[in-house]
1. Kindly indicate whether any position in the range 47-70 is part of a loop (DSSP other than H, G, I, E, B), surrounded by 14 or more Cβ atoms within 10 Å (Cβ to Cβ), of a type outside the set (Lys, Arg) and modelled with pLDDT of 75 or more.
2. Determine, yes or no, whether Gly159 is more than 25 Å from Thr63 (Cβ to Cβ), under 14 Å from the mean Cα position of the chain (by Cα), in a strand (DSSP E or B) and at pLDDT 85 or above.
3. Given the criterion within 16 Å of the chain's Cα centre (by Cα), at pLDDT 85 or above and among the aliphatic types (A, V, I, L, M), identify the matching residue among Val102, Val153.
4. Check whether at least one residue in the range 71-85 is surrounded by fewer than 13 Cβ atoms within 10 Å (Cβ to Cβ), closer than 20 Å to Leu155 by Cβ, charged (D, E, K, R) and modelled with pLDDT under 85, and report yes or no.
5. Of the residues Gln90, Gln28, which single one is under 24 Å from Val110 (Cβ atoms), modelled with pLDDT of 80 or more and not basic (Lys, Arg)?
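The values are calculated or read from the model by the stated rules, or taken from the named source; none is laboratory data. Computed from a predicted model, the values in this text were never measured in an experiment. Note that each Cβ is placed from the backbone with ideal geometry, even for glycine, and that neighbours are counted across all protein chains shown.
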Amino acid sequence: MPQSSNTEQTVTHELTFEVEKELLEEAQEEPALPKDLKHIPYRSIVEQEEEINYKKRMGVKWTTDLSPLRTNWIKEYLTIAPYLILVFKQTYGTLPNGKKKVHYYHEMSVSIACGILITAIQYAGLVTLTSTPLNCGPAIRSLLGRPSNEKLVLLLPVGYPAENAIVPDLQRKPLSEILNEID
């Protein structure tokens, strides 16, 4: 296992090999979801929307900027990875009297939780990649029977890296670009 989260890496290609379920359970609690999730067509739902995104919504600059990552609308990892974590945020809750309870910091809370989850996955010796499900969230939410106050924000396929896994050569920003020290 890595000694520090500074070794953080995500992969852009397949995740393979069987994963001991206990490793994943240590990284996250299993939510109450339908029992047979393997048959839900995540990949086709995501790929249909992603193709529209790449061809119509994103524009040339966006797709050009993504080209070094060798990404496109084909998401093989969604069916190859032994586990797929779907991260939902709750934009509001429901009080016992049925009224809405605003969740003021849901974006920040989910972002922090995802960072901790990804770190835990990596500490367990597994890999993941962050896949943002642009525009397919409502369809997946509906298939899973999740409530309307939840929005799908992230797909995390989890597994061991394939032998031919490609890790993009992305450079971190120097600390001086993101940290202002005040004496």
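1. yes
2. yes
3. Of the residues listed, the single one that is within 16 Å of the chain's Cα centre (by Cα), at pLDDT 85 or above and among the aliphatic types (A, V, I, L, M) is Val153.
4. no
5. Testing whether each residue is under 24 Å from Val110 (Cβ atoms), modelled with pLDDT of 80 or more and not basic (Lys, Arg) leaves just Gln90.
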